[in-house]
Amino acid sequence: MNMAATTPLNTPFSFRAYGRTELAQAYCPQLSPGAAWQKLSTWINLYPGLSERLKAIGYSPRQRVFTPRQVAMIVEALGEP
């Protein structure tokens with residue numbers, strides 16, 4: 001049985017709604033959910049213009065779920081997890 005075909009690393013990335021820690025852990029699977037979110041939040045704030053573009057389409061730092069459109073914008077900026 002080939003286990004490599006069933007690992008998350010081999011599945012294509014899906015542009016769907018993600019919880020913020022769910023998306024953060026896709027980028028930083030080795031970190032705890034809280035630490036992964038802090039790192040992703042920092043990357044969003046440091047990437048030139050990303051935070052502003054996200055806010056322009058309705059993002060709020062208090063929201064718990066990224067919309068598919070917000071996920072696409074993050075992936076466009078940071079690359080696929």
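The values are calculated or read from the model by the stated rules, or taken from the named source; none is laboratory data. Everything numeric here is computed off the predicted structure, so don't read it as measured data. Backbone-built Cβ (ideal geometry, glycine too); neighbour counts: all protein chains shown. Quick note on the areas: whole protein, heavy atoms, side chains included, nothing else; ligands and nucleic acids left out. Shrake-Rupley method; radii C 1.70, N 1.55, O 1.52, S 1.80 Å.
Inside segment 30-66, residues that are touching a strand residue (DSSP E or B) at 6+ places or on another chain (Cβ under 8 Å) and part of a helix (DSSP H, G or I) make up a count of 0.
When the residues of segment 45-56 are filtered to those that are touching a residue at least 12 places away in the same chain (Cβ under 8 Å) and not hydrophobic (A, V, I, L, M, F, W, C), the one that is nearest to Val71 (Cα to Cα) is Arg53. Contact map, segment 23-44: residues that are within 17 Å of Phe13 (Cβ to Cβ) paired with residues that are open to solvent by 30 Å² or more (accessible area, probe 1.4 Å) and basic (Lys, Arg), Cβ distance under 6 Å, separation 6+ or inter-chain. Pairs shown: Cys28/Lys39. Over 12 Å from the mean Cα position of the chain (by Cα) and at pLDDT 95 or above - does that describe any residue in segment 15-31? Taking every residue of segment 15-31 in turn, at least one turns out to be over 12 Å from the mean Cα position of the chain (by Cα) and at pLDDT 95 or above. Contact annotation: residue pairs with Cβ atoms under 8 Å, 6 or more positions apart or on different chains, pairing a residue in segment 64-81 that is touching a residue at least 40 places away in the same chain (Cβ under 8 Å) with a partner that is open to solvent by 60 Å² or more (accessible area, probe 1.4 Å) and of a type in the set (Ser, Thr, Tyr), are Leu78/Tyr47. Going by what's in this entry, would Pro12 be described as open to solvent by 60 Å² or more (accessible area, probe 1.4 Å), modelled with pLDDT of 95 or more and closer than 16 Å to Gly79 by Cβ? So Pro12 does not fit the description; no.
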